[in-house]
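The values are calculated or read from the model by the stated rules, or taken from the named source; none is laboratory data. The structure displayed is predicted, hence computed values, not measured ones. Don't worry about glycine lacking a Cβ; one is built from the backbone with ideal geometry, like all the others, and counts go over all protein chains shown. When the accessible area is computed, the model is the full protein with side chains, heavy atoms only, and any ligands, DNA or RNA have been set aside. Shrake-Rupley method; radii C 1.70, N 1.55, O 1.52, S 1.80 Å.
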Amino acid sequence: MPDVPSEACLTDTLRSLLHALAPSDAPVVLTGTVVGSGVLWTAGAAHAVPAADPPWPGLWVRAAPRRQAEFQAGRACAASALRLAGCAAPGSLAPGAGGAPRWPPGWTGTISHAGGLAVAAVTRAPRRLGLDVEAEGLLSGDALLHHSLKESLFKALSADLRASFDPARFQVTAVHARRATLRLHAPPGPWPWPELLPATWHRTRTHVATLACLAPTFSPHLPLLEAP
């Protein structure tokens with residue numbers, strides 16, 4: 001298992017993902033924590049994890065302690081992100097269909113955790129978010145990055161796909177510094193999204209993090225990628 005990144009690496013990851021978003025995608029609030037640290041980070045500041053947040057409901061009681069800790073940390077990140085974004089009542093964030101949290105009305109978000117990190121992103125509906133963090137391990141390098149990009153886009157589109165994650169359905173069409181585009185094979189109709197879908201990414205020595213932010217007004221003609 002890789003070493004857990006430092007808090008500086010975590011904040012650098014959050015900052016990089018946010019800075020790579022298109023201006024039309026703002027505002028997105030990203031938070032993250034090193035599991036068990038009791039400190040939550042945004043792209044530029046540290047916050048104490050509110051003592052009233054854990055324990056979150058809906059966690060399977062037979063889960064291993066490490067899994068329980070990651071679950072609690074992810075929910076705490078999501079609740080804090082909602083408050084920082086202006087949501088006065090985050091609610092219980094209890095798991096819904098597929099285990100994803102039930103977000104407050106008018107809000108949407110995404111949670112991921114791996115290798116001792118937990119991260120969350122929230123924004124106003126009707127935007128869609130998909131966030132994925134992967135630790136170096138069985139996959140590494142480009143293979144790990146491509147898998148994470150596909151996972152984050154799947155999370156953003158899960159309400160439309162209504163199916164389990166199948167990486168073969170996603171094609172990474174371009175990867176540049178901090179940004180990428182993907183295509184979904186055989187999308188269900190009617191399909192409200194463009195053919196090429198954007199995502200941002202950041203790599204550390206131990207982890208890869210990717211974020212997909214989709215908006216109904218998104219235009220495929222926006223300059224998503226700069227020339228290499």
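Taking Arg66, is it modelled with pLDDT of 85 or more, among the basic types (Lys, Arg) and either under 19 Å from the mean Cα position of the chain (by Cα) or part of a helix (DSSP H, G or I) (or both)?
no
Of all residues in segment 100-145, which are hydroxyl-bearing (Ser, Thr, Tyr) and either part of a strand (DSSP E or B) or open to solvent by less than 10 Å² (accessible area, probe 1.4 Å) (or both)? Give the steps one after another, and end with the answer.
At the first step, the residues of segment 100-145 found to be hydroxyl-bearing (Ser, Thr, Tyr) are 108, 110, 112, 123, 140.
If the condition is that a residue be hydroxyl-bearing (Ser, Thr, Tyr) and either part of a strand (DSSP E or B) or open to solvent by less than 10 Å² (accessible area, probe 1.4 Å) (or both), then Thr108, Thr110, Ser112, Thr123 are the ones that fit.
For Gly36, which of the numbered conditions (1) open to solvent by 60 Å² or more (accessible area, probe 1.4 Å); (2) within 17 Å of Gly116 (Cα to Cα); (3) part of a helix (DSSP H, G or I); (4) modelled with pLDDT of 85 or more fails to hold?
(3)
Hey, among the residues in segment 1-33 that are part of a loop (DSSP other than H, G, I, E, B) and modelled with pLDDT of 90 or more, which one's nearest to Ala81 (Cα to Cα)?
Only one residue fits best here, namely Val28.
So Ala120 ticks every box in (1) of a type in the set (A, V, I, L, M); (2) out of contact with any Cys (no Cβ under 6 Å at 6 or more places or on another chain); (3) closer than 14 Å to Val29 by Cα but one. Which box is left unticked?
For Ala120, the failing item is (2).
May I ask you to list the residues in segment 203-228 that are open to solvent by 30 Å² or more (accessible area, probe 1.4 Å) and at pLDDT 95 or above?
Arg203
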